[in-house]
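**Student:** Attaching a single structure in structure tokens format; questions to follow.
Just so it is clear, none of the values below were taken in a lab; they were calculated from the coordinates. Only a predicted model underlies this, so the values are computations on that prediction, with no experimental measurement involved. Cβ: placed from backbone, ideal geometry, glycine included. Neighbour counts: every protein chain shown.
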Amino acid sequence: MNPLSVLVGKAVRRASKLRGGGSALPGLVVERMDPGFMGRALSTLEHGVMVVSGTNGKTTTTKMVVELLEGQGLKVFTNRTGSNFTRGVAAALLGEVDWRGRLDADIAVLELDEAHAVHFVNLVRPKYSLLLNVLRDQLDRFGEIDATTRLLGRIAAATAGTVILNREDPRVAGLAPTVRDAGVVYFGLDPSLRSTFPNDDELRGATGVPAPSDLPADVVLEQVEGNGAVFGVGGRSVPADLRLRGVYNIFNAAAALAAARTVLGGAADEDALFASLSAVEPAFGRGESLTVNGQPLELVLVKNPSGFRLGLKSFDPAGHATMIAINDNYADGRDMSWLWDVDFDSLRAAGVDLVTGVRAYDMALRLKYDDVEVRGIEPEIPAALKEFIAGSPGQPKRIFCTYTAMLAVRRELSKITTVEVVS
Amino acid sequence: MSKGTISILQLYPREMNIYGDWGNVLVLKQRLAWHGYDAVISEHNAGDSFPDDADLIIGGGGQDSGQLVIQEDLQAIGPRLRGLAEDGQPMLAICGLYQLFGKFFRTVDGTVIPGIGVLDLETHGGKERLIGNVVATSGEFGEIHGYENHSGQTFLGAGVTPLATVTKGEGNNARDNHEGARHHNVVASYLHGSLLPKNPAIADFLIRTAVERKYGTFEPGEVDDTLADLARRHAGSRPR
Ligand SMILES: [Zn+2]
């Protein structure tokens, strides 16, 4: 026990909150004063720690797992602030522990960035890990996809209880042999849906559908129709209506179901699981449906080729005004190469009303080479947003945006109009 | 009325296509169309028989694992590629294939991966990756904009000239200010982003050379590069 570090950490946390500062500083303070703080606080939980990692969908999937477990009466600690770093976890813990450093929760479900997850598992051994996918993203940070795969392999190897793997991602499924002490559970897709989720090896140039996987999966996504889906769970087909949009989110729901079932074992109340799943709202900043001047406006987060392709596939452009906002800040990735791994053919019929963001001209150039009409280019996001809203009255709108562009769009929206969040 | 047909051959699109390399193929195809020519795109993958009718050859970057998969096949077609390069065939080699077009790649642990010797250059594995935006200038193509992400450091021999001189970023290596290599009508570079969309002068050089070799003369069409110019200007103002 080191009550002093907890007290000091809590004080720093309060002070930095008052100053409107970031969430990492108090974590840094407690980490320096008391390196064992996090491990101790997390070691007493009845159901241990679950780490959620992978390239795409960590935030939304973590939110789903948390809500599924809460729906079963468990008290769940999670890093809700979205700072998916070890220090962010330590900072979030400081807000929750009592003065002796004890955490009042049954389980911790933590979203961790691939690189930081390795540092984390060296400090805290997870009982469960849920590994979603390895896609080309932020290669400017991690260098290669294979390097990212190795980082996830370190998480799998450190896991003590059960590793939950995406059967359809060959890099993730291929981690099974590296699992040392834990059991392995898979989630997957019905073969009829596999062509909807091409993996990165099937981008340009590669042909065909991946070899059907016959690994047994605990939860299989069997059908998707709009927001409705059918999940195969324990030999039964269960239909569900979801508030989450986009096929990728619905596949992540299969991942979350498999994770929750693993934690709960035979104690799962399946009706309650599906009731919780149907009620999950999208995570902040990960794709939202808003109402602006009486018209729906959808924000679709696109941060890598797979995400952009799935976004285009999930949302029919017909009848919508479309804007694309591309930034190249550190959090977006500075390299624009990824735009050339996305097909924009589906936008050809309707065209794009406006392109914005720091790299608006790169995006416009990309669309030109796919013969997609671009009706306006305005690199400044605030000006573009005004023009976009004024230029398409009476029309539903959709904005595809990179991460920092989405934050900028949301900030501007709240300035120029009353933003009502509808889902 | 089409002025002619150019066959573009993409090398190993499955393994060597990591940083938007498709963008280079798409730009060649579309610009050929805008100049009034048809384009036929084909692929060469490991184990395929190498075609006789390619007018323009293009290859990209891959992961280490991808390079291992293609290594044997590349050695088998190496003499053909060398012969075609000496004969003036236009080629574009980016990143991973740029390295393998050279004499060898010596990894950090001393393993030597043979190249195919189309270009007189050698690559040595580095501990640090060179990553970020690059601006370079070339007498032939003007200012070149792109993005680099590589750990191998390449040094040019006497048989090639640098493609460009780096003004922002690292390029071939962290020591001299060279970026890429030129030999006959082969253009090789570490830059993706992709390279050709924002550098249409290089795309049109490859196209003109391919058309002239096949038809004697090249009759360019009207191509509007306003967007490429604006994209270059903005790229040049971004942090490394
Ligand atoms: Zn020569």
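**Student:** For the pair A:N122 and A:A275, how long in nm is the line joining their label points, each one 7 Å along Cα→Cβ?
**Tutor:** About 4.5 nm separates the two model spin labels.
**Student:** Which Rg and Dmax, in Å, describe the Cα atoms of segment B:75-159?
**Tutor:** 14.0, 38
**Student:** Stokes-Einstein D for segment A:230-366 at 25 °C, 0.890 mPa s, Kirkwood Rh over Cα pairs, in µm²/s?
**Tutor:** Once the numbers are plugged in, D ends up at 142 µm²/s.
**Student:** If you don't mind, there's one more thing I want to ask. Scan around A:E373 for amide H atoms under 5 Å from its own, H built in the peptide plane at 1.01 Å from N, and keep only partners 5 or more places away or cross-chain.
**Tutor:** Amide H to amide H, under 5 Å and 5 or more residues apart or across chains, A:E373 pairs with A:G351, A:V352.
**Student:** Calculate, in nm to one decimal, what B:T137 and B:R175 gain on full extension: separation in residues at 0.36 nm each, minus their alpha carbon distance.
**Tutor:** In short, 12.0 nm is gained.
**Student:** Could you tell me which of rounded, prolate or oblate describes chain B, using a ≥ b ≥ c as the square roots of the eigenvalues of the alpha-carbon gyration tensor, with rounded for a/c under 1.5 and, failing that, prolate when a/b is larger than b/c and oblate otherwise?
**Tutor:** oblate
**Student:** Given the options B:D120, B:D52, B:D229, which has the most mean-square fluctuation in a GNM of chain B, springs set between C-alpha atoms less than 10 angstrom apart?
**Tutor:** Checking each option, the largest mean-square fluctuation is seen for B:D52.
**Student:** Now for a separate question. Work out from phi, with θ = phi - 60° and the Karplus expression 6.51 cos²θ - 1.76 cosθ + 1.60, the ³J(HN,Hα) of each residue of segment A:366-371, listed in order in whole Hz, and give x for Gly and Pro.
**Tutor:** With coefficients 6.51, -1.76 and 1.60, one gets 4, 5, 4, 6, 9, 6 Hz.
**Student:** So how much slack lies between A:R375 and A:S237, counting 0.36 nm per residue of separation and subtracting their Cα-Cα distance, in nm?
**Tutor:** Length difference between fully extended and current span is 45.1 nm.
**Student:** For B:D55, B:D176, A:D106, which order do you get if you count the other beta carbons within 10 Å of each Cβ and list the fewest first?
**Tutor:** Fewest to most other Cβ atoms nearby, the residues stand as B:D176, A:D106, B:D55.
**Student:** So how do A:R180, A:R243, B:R232, A:R236 line up by other beta-carbon neighbours within 10 Å, fewest first?
**Tutor:** Arranged by neighbour count, lowest to highest, A:R180, A:R243, B:R232, A:R236 become A:R236, A:R180, A:R243, B:R232.
**Student:** Pull up all non-local amide H partners of B:L56: gap of 5 or more, or a different chain, and H-to-H distance under 5 Å with H placed in the peptide plane.
**Tutor:** The list, which skips near neighbours in sequence, is B:S7, B:L9.
**Student:** Here is a follow-up. Please figure out what share of the DSSP beta bridges in the protein assembly as shown is antiparallel and state it in percent, rounded to the nearest 5.
**Tutor:** Taking every DSSP beta bridge within the protein assembly as shown, about 45 percent pair in antiparallel fashion.
**Student:** When you look at the Cβ of every residue in B:225-233, what mean number of other chain Cβ atoms sits within 10 Å?
**Tutor:** Neighbouring Cβ atoms belonging to other protein chains average 5 per residue here.
**Student:** Which ordering of A:Y330, B:Y147 is given by a fewest-first count of other beta-carbon atoms within 10 Å?
**Tutor:** Exposure proxy ranking, most exposed first: A:Y330, B:Y147.
**Student:** Hey, another quick one. Filter the cross-link list A:K63/A:K127; B:K29/B:K198; B:K127/B:K198; A:K313/A:K397; A:K58/A:K386 down to pairs whose alpha-carbon distance in this structure exceeds 21 Å.
**Tutor:** B:K127/B:K198; A:K58/A:K386
**Student:** Okay, next question. Using the beta-carbon distance between B:T217 and A:Q295 and R0 = 56 Å, what value does 1/(1 + (r/R0)^6) give for FRET efficiency, to the nearest 0.05?
**Tutor:** Rounded to the nearest 0.05, the efficiency is 0.50.
**Student:** Now, a different point. Once you have a ≥ b ≥ c as the square roots of the Cα gyration tensor eigenvalues for segment B:4-93, tell me rounded if a/c is under 1.5, and otherwise prolate or oblate according to whether a/b is larger than b/c.
**Tutor:** Oblate.
**Student:** Right, another one. Please give, to one decimal in nm, the separation of the simple spin-label points placed at B:T107 and B:T161, each 7 Å out from Cα toward the Cβ.
**Tutor:** 3.6
**Student:** Subtract the Cα-Cα distance of B:D48 and B:A33 from 0.36 nm times their separation in residues, and report this length gain in nm to one decimal.
**Tutor:** Fully extending the segment from B:D48 to B:A33 adds 2.6 nm.
**Student:** Dividing the alpha-carbon Rg of the protein assembly as shown by 2.2 N^0.38 Å yields what?
**Tutor:** In units of the 2.2 N^0.38 Å rule of thumb, it is 1.01.
**Student:** Give me the distance in nm between label points sitting 7 Å out from Cα along the Cα-to-Cβ direction at A:D190 and A:A390, one decimal.
**Tutor:** In this crude label model, A:D190 to A:A390 measures out at 4.9 nm.
**Student:** Next question. Which value, in Å³ per residue, describes the convex hull spanned by the Cα atoms of segment B:149-240?
**Tutor:** Residue-normalised Cα hull volume stands at 109 Å³.
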